[in-house]
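Heads up: the structure comes next, in structure tokens.
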Amino acid sequence: MACLLETPIRMSVLSEVTASSRHYVDRLFDPDPQKVLQGVIDMKNAVIGNNKQKANLIVLGAVPRLLYLLQQETSSTELKTECAVVLGSLAMGTENNVKSLLDCHIIPALLQGLLSPDLKFIEACLRCLRTIFTSPVTPEELLYTDATVIPHLMALLSRSRYTQEYICQIFSHCCKGPDHQTILFNHGAVQNIAHLLTSLSYKVRMQALKCFSVLAFENPQVSMTLVNVLVDGELLPQIFVKMLQRDKPIEMQLTSAKCLTYMCRAGAIRTDDNCIVLKTLPCLVRMCSKERLLEERVEGAETLAYLIEPDVELQRIASITDHLIAMLADYFKYPSSVSAITDIKRLDHDLKHAHELRQAAFKLYASLGANDEDIRKKIIETENMMDRIVTGLSESSVKVRLAAVRCLHSLSRSVQQLRTSFQDHAVWKPLMKVLQNAPDEILVVASSMLCNLLLEFSPSKEPILESGAVELLCGLTQSENPALRVNGIWALMNMAFQAEKIKADILRSLSTEQLFRLLSDSDLNVLMKTLGLLRNLLSTRPHIDKIMSTHGKQIMQAVTLILEGEHNIEVKEQTLCILANIADGTTAKDLIMTNDDILQKIKYYMGHSHVKLQLAAMFCISNLIWNEEEGSQERQDKLRDMGIVDILHKLSQSPDSNLCDKAKMALQQYLA
């Protein structure tokens, strides 16, 4: 029945479409070329600003016919140009229009059109390509499929100001990631676009500037090149600085600041350079003021967050520039009931995008508070700040939630705040809720923050444990994402530190199978944190003896494998420290004394070239030969027979004072 009903519905839609638009399409098939041309011109006038008409013409099959005419050798240049203009107009409609054009393979046809000698036709093709490539539904890869396209576009840059504007716009939209940057860079993008920064056309200057911002982003090769480029005797960074002056349009100021920011983050400009400290940073702070439009405030705050993220001095300067910390608080009150926005469309737009402001504010607060205790205190003391972050953790927007967690993570690096504000606002509750069901990108930051809340001095530690954190974290250690495995183990390691009653819960929930799986993990961070967890589990004698009595064989096996493997100094040092803990047990030390292979390894590391490993091996020996413990004489004798005393004598002459002292202390155990 459903199939029978479908036909009349379609017919009614098509009859309505046919009535208003059919004659436009019919004229494209007229045998008289002049009538076809007039038909295309009339179609152009009919579709301008009329999305319904555009959709109707696409449904009626206008696109394949227009593309056919555009590619026909017999078509006049004027007809081809008008076809390209109509196709560009159709592309300016909805995203569905663009999808329909892509399905008809419009891009290869337009790229072919760029080989024409006629400039007006080339410009029309480029304008249409620009519209299509700037649509979110168009895959950027379509620009790079044919290797001849990019060099040809570079050659067309010199033809007119329109080719310059459109090609730069295409490049800036289609340059996504290092592969695209490399292709454009290798085809001379820097040299071909640099001189456009001094063009008489504002649009050309702006698109060239945008090109440089996407080329320089996280790309040291491009950024290092840009620093030394001269345009009319002036270095590029100096041109960018001129473009971010207050008298320039806001869009130009912001994009220039982005170029300088990206070059700085890529290592091409020092963070203490005047163009960063005195020009770029103040410009970005200006963009955060409430006088600016919503999107300008968002872009300004996010770019500033990126600029200052790794540098404590820039964080300090930003925090005292134009009352930035207080200024960002306004991001959460926007648009207010007394908003200055009189344009209803603008108000509607801003209400829909207000969450972007909150996201940007959280990002910038996270960067500001990354290192400095005083700045963190100022942020937390900003009106209702902790409440805002807690609210942010449960927002519907994933991006806002992620930014709120990042902000909280940054502030959680403060011992003082962990003990006060974090406890007062019971931050752990919404955080645990976030961890129950969130995308990986949020889980990584949230679990990293949980590591801080589980530190021994944190008052949140107990309630977190009572809310089922052990099972949750053990689950994370089985994730395919290495960052989540690291954070799961890291949090368990913090949890196990001097917390005797938790250890059994961890071992039970984690299972020995999973623990040993993690000890052979290919990710170095996972391995290091697992060794740290094992070290914390094997602390205090009763626990050492208890754990080694049930899992001793597997632990000794894992230790042997790591000490024999191709691991770095830090991994082997941690492993020897675990052995030293085992050697501190009452009954556990027998597992070392009866294992000649392990004893030989300890002896080997005592004579190693790296002091860290010698010291760690020395701790093992000291714990094994300590006089006051039962069986010490037998252990001392066995180790003397192995030549350990001779090594101790050698080490007592070591130039390293720490190693020398430990060796002398161990020798005293033999003399006592």
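Overview of results
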item: Criterion violated by Thr77 - all others in (1) polar (S, T, N, Q); (2) open to solvent by less than 60 Å² (accessible area, probe 1.4 Å); (3) more than 20 Å from Ser21 (Cβ to Cβ); (4) touching a helix residue (DSSP H, G or I) at 6+ places or on another chain (Cβ under 6 Å) satisfied; result: (2)
item: Residue among Thr550, Thr530 that alone is polar (S, T, N, Q) and farther than 20 Å from Glu456 by Cα; result: Thr550
item: Single condition Lys529 does not satisfy, out of (1) out of contact with any His (no Cβ under 9 Å at 6 or more places or on another chain); (2) more than 20 Å from Ile602 (Cα to Cα); (3) surrounded by fewer than 19 Cβ atoms within 10 Å (Cβ to Cβ); result: (3)
item: From Ile132, Ile150, Ile107, residue being part of a helix (DSSP H, G or I), over 30 Å from Ala55 (Cα atoms) and β-branched (Val, Ile, Thr); result: Ile150
item: Hits in region 153-179 - residues which are of a type in the set (Gly, Ala, Ser) and either in a loop (DSSP other than H, G, I, E, B) or open to solvent by less than 30 Å² (accessible area, probe 1.4 Å) (or both); result: Ser158, Ser160, Ser172, Gly177
item: Qualifying positions in region 230-272 - outside any helix (DSSP H, G or I) and within 26 Å of the chain's Cα centre (by Cα); result: Ala266, Gly267, Ala268, Ile269, Arg270, Thr271, Asp272
item: Neighbours by Cβ (under 7 Å, 6+ apart or cross-chain): first from region 101-126, over 21 Å from Tyr144 (Cβ atoms) and at pLDDT 95 or above; second open to solvent by 30 Å² or more (accessible area, probe 1.4 Å) and β-branched (Val, Ile, Thr); result: Asp118/Thr77; Phe121/Thr77; Ala124/Val85
item: Check on Ile317, open to solvent by 30 Å² or more (accessible area, probe 1.4 Å), in a helix (DSSP H, G or I), β-branched (Val, Ile, Thr) and at pLDDT 90 or above; result: yes
item: Residue among Glu466, Glu456, Glu471 that is under 23 Å from Glu500 (Cα atoms), free of Cβ contacts under 8 Å to residues at least 24 places away in the same chain and of a type outside the set (Ser, Thr, Tyr); result: Glu466
item: The lone exception for Ser511 - which of (1) modelled with pLDDT under 85; (2) at positive phi it fails; result: (1)
item: Lys258 farther than 15 Å from Ser223 by Cβ, crowded, with 16+ Cβ neighbours inside 10 Å, basic (Lys, Arg) and out of contact with any Phe, Trp or Tyr (no Cβ under 7 Å at 6 or more places or on another chain); result: no
item: Of all residues in region 358-373 being within 14 Å of Val398 (Cα to Cα) and not polar (S, T, N, Q), the one that is surrounded by the fewest Cβ atoms within 10 Å (Cβ to Cβ); result: Arg358
item: Condition broken by Ala616, with the remaining ones in (1) over 15 Å from Leu667 (Cα atoms); (2) open to solvent by less than 60 Å² (accessible area, probe 1.4 Å); (3) not in a helix (DSSP H, G or I) satisfied; result: (3)
item: Residues of region 186-199 satisfying the condition of being part of a helix (DSSP H, G or I) and more than 16 Å from Glu140 (Cβ to Cβ); result: Asn186, Val190, Gln191, Asn192, Ile193, Ala194, His195, Leu196, Leu197, Thr198
item: Helices (runs of 4 or more DSSP H) lying entirely in region 561-608 (those with 2 or more residues that are open to solvent by 20 Å² or more (accessible area, probe 1.4 Å) and among the polar types (S, T, N, Q)); result: 569-583
item: So Ser652, is it without any contact (Cβ under 8 Å) to a residue 24 or more places away in the chain, surrounded by 12 or more Cβ atoms within 10 Å (Cβ to Cβ), within 51 Å of the chain's Cα centre (by Cα) and closer than 19 Å to Gly607 by Cβ; result: yes
item: Condition met for Val40 (surrounded by 17 or more Cβ atoms within 10 Å (Cβ to Cβ), modelled with pLDDT of 95 or more and assigned to a helix (DSSP H, G or I)); result: yes
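Residue by residue, here is whether (1) under 20 Å from the mean Cα position of the chain (by Cα); (2) open to solvent by 50 Å² or more (accessible area, probe 1.4 Å); (3) without any contact (Cβ under 8 Å) to a residue 40 or more places away in the chain holds:
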site	(1), (2), (3)
Glu381	no, yes, yes
Met385	no, no, no
Lys399	yes, yes, no
Leu408	yes, no, no
Phe422	no, no, yes
Val427	no, no, no
Lys433	no, yes, no
Val445	yes, no, no
Met449	yes, no, no
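The values are calculated or read from the model by the stated rules, or taken from the named source; none is laboratory data. This one's a predicted model, so the numbers in the text were calculated from it and none came from an experiment. Methodologically, a virtual Cβ is constructed for each residue, glycine included, from the backbone with ideal geometry; neighbour enumeration extends over all protein chains shown. The area values use the complete protein model at the heavy-atom level, side chains included, leaving out ligands, DNA and RNA. Shrake-Rupley method; radii C 1.70, N 1.55, O 1.52, S 1.80 Å.
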